[in-house]
Amino acid sequence: MWTSLYRGVSATGGGLSHLSGDIYREVAFIAYHFGWSREEIMKMPHGERKSWISQISQINQTINASQKAKQLQKEGGEHVGFYS
């Protein structure tokens, strides 16, 4: 028996639980970082959610690299980068 899930996506059997797990992870990730509601995120096509996840990940990588550089400067004092 086919079950309609979201905007024409259908699944049978075990595929439903795997798909729903992915959706929960996507919604949780976007909602946590941007504060958007579940309803707003669920209205997005899958490809759009994936694009936002990619953008959030890039933002996080930039922030983390910046924080790491600042921490290295604190630990190494004024000489960090002096010999590079």
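Name the residues of the range 24-43 whose amide N is less than 12 Å from a point 7 angstrom out from the Cα of ILE59 along the C-beta direction?
Residues passing the 12 Å test: 30-36.
Could you go through the range 33-39 in sequence order and give the Karplus-derived ³J(HN,Hα) for each residue, using 6.51 cos²θ - 1.76 cosθ + 1.60 with θ = phi - 60°, rounded to whole Hz, and x for Gly and Pro?
Rounded to whole hertz, the list is 7, 10, x, 6, 6, 4, 4.
Let me make sure I get this right: for the range 14-77, a, b and c are the square roots of the gyration tensor eigenvalues over alpha carbons, sorted descending. Under 1.5 in a/c it's rounded, otherwise prolate if a/b > b/c, else oblate. Which is it? Display every interim value, and only then the final one.
Working: a/c = 3.46, a/b = 2.66, b/c = 1.30.
Cα axes put the range 14-77 in the prolate bin.
Can you work out the Karplus-derived ³J(HN,Hα) for every residue in the range 67-75? Use 6.51 cos²θ - 1.76 cosθ + 1.60 with θ = phi - 60°, whole Hz, and x for glycine or proline.
Along the range 67-75, the couplings run 5, 5, 5, 5, 5, 5, 5, 5, 5 Hz.
Modelling each spin label as a point 7 Å along the Cα-to-Cβ direction, I'd like the LEU72/ASP22 distance in nm, to one decimal.
3.7
With θ set to phi - 60°, apply the Karplus curve 6.51 cos²θ - 1.76 cosθ + 1.60 along the range 42-49 and write out the HN-Hα couplings as whole Hz, x wherever there is a Gly or Pro.
Those phi angles translate into 5, 6, 6, x, 3, x, 5, 4 Hz.
Read-outs: derived from the displayed coordinates by stated rules, not from any lab. Small disclaimer: the values here were computed from a predicted structure and weren't measured. With ideal geometry, Cβ positions are generated from the backbone for all residues, glycine too; neighbour counts draw on all protein chains shown.
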